[in-house]
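Worksheet: one structure, shown below.
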Amino acid sequence: MLIIAGIIPLPNFSLLDGQVQREGTELKLNEHQIPSTQGTAAMISAALAVSDHFRMVAPRAVIAGDIGRGDGSRLIYQYLIDHLPRLKPKVLALHYWMPDLELMHQLCEQVKALETRPVLIADAASMYAAKAVGLASEFDVFTPDLSEIAFLADAEAIHPAYIDKHLFETCDVRSIPELIAEAYKNQGAARYMLVKGESDFVANEEGILASIAGPDVPALECIGGTGDTITGMCAALIYKGLDISSALEISARANRLAGARGKTTPATRISEIIARLPEVFRREINLE
Amino acid sequence: MLWSKKKARTEPDNKALQDKRNKGLVLFDTVEEAIRSEKLVKRSGYACALVAPPPQLRKGCDIALEINLIEQPAIERTLQAVPYKEVVCLEGSTQLLDIVQVFEYPEHTMVKAGNMKLTYETGSGLIVNTSGGGCPDIPYLHIAMLGKRLDEIPRPRDVGHTLCALMLDRAVEGALEIWKKGDGI
């Protein structure tokens, strides 16, 4: 089972756990319609596009409404802590939620106690919490962007808003190898990372394993959700059985191909990019 | 040298220190202000505690309010009526990022503050996208801001709760400044 957990931007929306379906441009979960916007919904939609293409079981989603107070986030943490032994996920992908260090610590302890350890993926504030609590190395995959790899490299920062000013000013595509090395040295990195940006880099503790520079669609950086789709595809491809490095490389490439497949401007919405993914996988991704 | 400002790294399994890093202190001139603030913050549903600030952070009175730093913007908003001095990190690094970077596209401008990016139509000031971040108010703010003009949105610092919202607000502030200079309005 692939489980994707994170909040959705609706107030007073209680926790839901179930298999997702697509209904037009929206997601459907236990009879509830979820808009496919930036954040966890975009991540789930991209994972669903991959699982549909390969005729796999649809991802299971654990979501709750949260618009910033952390109420829904805490419901999700607690639900996972209580139910993971029953759910037995093969891949567990954590996404947007309030970085609650105590609950993240408890969740990681629960994952360690499972009979079979799932592949553990974190993006967004799940990644911030994993790093801030000092448990980054317990994770298999992080998918930071440029400012986030600077955060992971900064041993003292508890959030990207507090990274070293000099580090932020000097981070660019040329400094990525050094930032990756520093993140591993400071125990701020997962086993594998995909650093997203002008060029995307797949790395592990030994260094950079692959870089993906094309097709070059600069407008993708402006579009909210283009990082979420990469993480969603990667989670589904790992669930399919690909090795982590290949899953990351293919996801980064598929995202770029989706950007190049139609007219993409800084005003393009993530739902338009997601809608192109089935065609990208049908025509341009060959896993054989 | 990229790492010249860094101190020696700490042990990752030092949970107490990691917890401390997540905390911030609100500093006050008087004990009365600190006590009043504790009541206000607790009443708003945020965790906090009155503590003695360490000597190096002491400015004003001997009592400070310990908060979860991620919730800094919401707590600052709760304390609008109280003349607190400032919010500081209890441990570790230092100041909130205040650098804004600007990227030009043919018809759009992207403003980046920390981990948050805001893109608007250069001429009209219409917000076409926000990206980055990871805290739970960001997807909500994304929906709330899309399609609105820069000077028509509720500011993320006024409606958001987290540090990501504060960074998004800095991007809005930078964008407003650039747009107004460009005679956008």
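Just one of the listed residues (B:LYS85, B:LYS39) is touching a strand residue (DSSP E or B) at 6+ places or on another chain (Cβ under 7 Å) and modelled with pLDDT of 75 or more, namely B:LYS85. For segment A:233-267, a residue qualifies if it is among the small types (Gly, Ala, Ser) and away from chain B (no Cβ under 14 Å), and the qualifying residues are A:ALA235, A:ALA236, A:GLY241, A:SER245, A:SER246, A:ALA247, A:SER251, A:ALA252, A:ALA254, A:ALA258, A:ALA260, A:GLY262. Total residues in segment A:159-177 satisfying the condition of being charged (D, E, K, R) and in a helix (DSSP H, G or I): the figure is 3. Here A:ARG74 qualifies as crowded, with 16+ Cβ neighbours inside 10 Å, modelled with pLDDT of 90 or more, charged (D, E, K, R) and farther than 22 Å from A:GLU205 by Cα.
Going by the conditions given, is B:VAL88 within 29 Å of B:PRO53 (Cα to Cα), more than 8 Å from every other protein chain (Cβ to nearest Cβ) and not in a strand (DSSP E or B)? Write out each step before concluding.
Working: within 29 Å of B:PRO53 (Cα to Cα): yes; more than 8 Å from every other protein chain (Cβ to nearest Cβ): yes; not in a strand (DSSP E or B): no.
No: the conditions fail for B:VAL88.
Looking across segment A:146-163, just one residue is at the interface with another protein chain (Cβ under 7 Å from one of its Cβ atoms), touching a residue at least 12 places away in the same chain (Cβ under 8 Å) and surrounded by fewer than 24 Cβ atoms within 10 Å (Cβ to Cβ), and that is A:ALA155. Please work out which one of (1) touching a residue at least 40 places away in the same chain (Cβ under 8 Å); (2) in the same structural domain as B:ALA171 (by TED's automatic domain parsing); (3) surrounded by fewer than 18 Cβ atoms within 10 Å (Cβ to Cβ) is the condition B:GLU152 fails and give its number. Every condition holds for B:GLU152 apart from (1). On the stretch given as segment B:44-85, residues that are among the aliphatic types (A, V, I, L, M) and over 21 Å from B:ALA165 (Cβ atoms) total 7. Residues that are closer than 19 Å to A:TYR96 by Cβ and of a type outside the set (Ser, Thr, Tyr) within segment A:147-156 comprise A:GLU148, A:ILE149, A:PHE151, A:LEU152, listed in sequence order. Scanning segment B:55-68 for residues that are modelled with pLDDT of 85 or more and hydrophobic (A, V, I, L, M, F, W, C), we see that the one that is nearest to B:ASP169 (Cα to Cα) is B:ILE67. For A:GLU156, the conditions (1) in contact with a helix residue (DSSP H, G or I) (Cβ under 6 Å, 6 or more places away or on another chain); (2) in a loop (DSSP other than H, G, I, E, B); (3) over 20 Å from B:SER131 (Cα atoms) are fulfilled apart from (1). Checked against (1) under 21 Å from the mean Cα position of the chain (by Cα); (2) under 21 Å from A:ASP200 (Cβ atoms), A:SER175 passes all but condition (1). Determine which member of the set A:ALA210, A:ALA181, A:ALA236 is modelled with pLDDT of 95 or more, hydrophobic (A, V, I, L, M, F, W, C) and buried (at least 18 other Cβ atoms within 10 Å of the Cβ). Sole residue among the options that is modelled with pLDDT of 95 or more, hydrophobic (A, V, I, L, M, F, W, C) and buried (at least 18 other Cβ atoms within 10 Å of the Cβ): A:ALA236.
Evaluate the following for A:GLY207: is it within 18 Å of the chain's Cα centre (by Cα) and either at the interface with another protein chain (Cβ under 7 Å from one of its Cβ atoms) or in contact (Cβ under 8 Å) with a residue 12 or more places away in the chain (or both)?
Details: within 18 Å of the chain's Cα centre (by Cα): no; either at the interface with another protein chain (Cβ under 7 Å from one of its Cβ atoms) or in contact (Cβ under 8 Å) with a residue 12 or more places away in the chain (or both): yes.
When the stated conditions are applied, A:GLY207 does not pass them.
Among the residues of segment A:96-120, those that are in contact (Cβ under 8 Å) with a residue 24 or more places away in the chain and facing chain B (nearest Cβ under 8 Å) comprise A:TYR96, A:TRP97, A:MET98, A:PRO99, A:LEU101, A:HIS105. Restricting A:ALA130, A:ALA183 to residues that are farther than 23 Å from A:VAL91 by Cα, more than 8 Å from chain B (Cβ to nearest Cβ) and among the hydrophobic types (A, V, I, L, M, F, W, C) narrows the list to A:ALA183. None of B:ALA16, B:ALA47 is modelled with pLDDT of 85 or more, within 14 Å of chain A (Cβ to nearest Cβ) and under 17 Å from B:ASN68 (Cβ atoms) except B:ALA47.
Conditions tested, residue by residue: (1) out of contact with any helix residue (DSSP H, G or I) (no Cβ under 6 Å at 6 or more places or on another chain); (2) modelled with pLDDT of 85 or more; (3) of a type outside the set (Val, Ile, Thr).
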site: B:GLU71; (1), (2), (3): yes, yes, yes
site: B:ASP98; (1), (2), (3): yes, no, yes
site: B:HIS108; (1), (2), (3): yes, yes, yes
site: B:LYS112; (1), (2), (3): yes, yes, yes
site: B:LYS117; (1), (2), (3): yes, yes, yes
site: B:GLY125; (1), (2), (3): no, yes, yes
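Filter segment A:121-145 down to residues that are without any contact (Cβ under 8 Å) to a residue 60 or more places away in the chain and over 15 Å from B:CYS135 (Cα atoms) and give me whichever is surrounded by the most Cβ atoms within 10 Å (Cβ to Cβ). Only one residue fits best here, namely A:PHE142. Scanning segment A:142-177 for residues that are in contact with a strand residue (DSSP E or B) (Cβ under 8 Å, 6 or more places away or on another chain), modelled with pLDDT under 90 and hydrophobic (A, V, I, L, M, F, W, C) returns a single hit, A:ILE158.
The values are calculated or read from the model by the stated rules, or taken from the named source; none is laboratory data. Bear in mind that the values here come from a model prediction, so they are computed numbers and not experimental data. In this analysis, Cβ positions are derived from the backbone assuming ideal geometry, glycine residues included, and neighbour counts consider all displayed protein chains.
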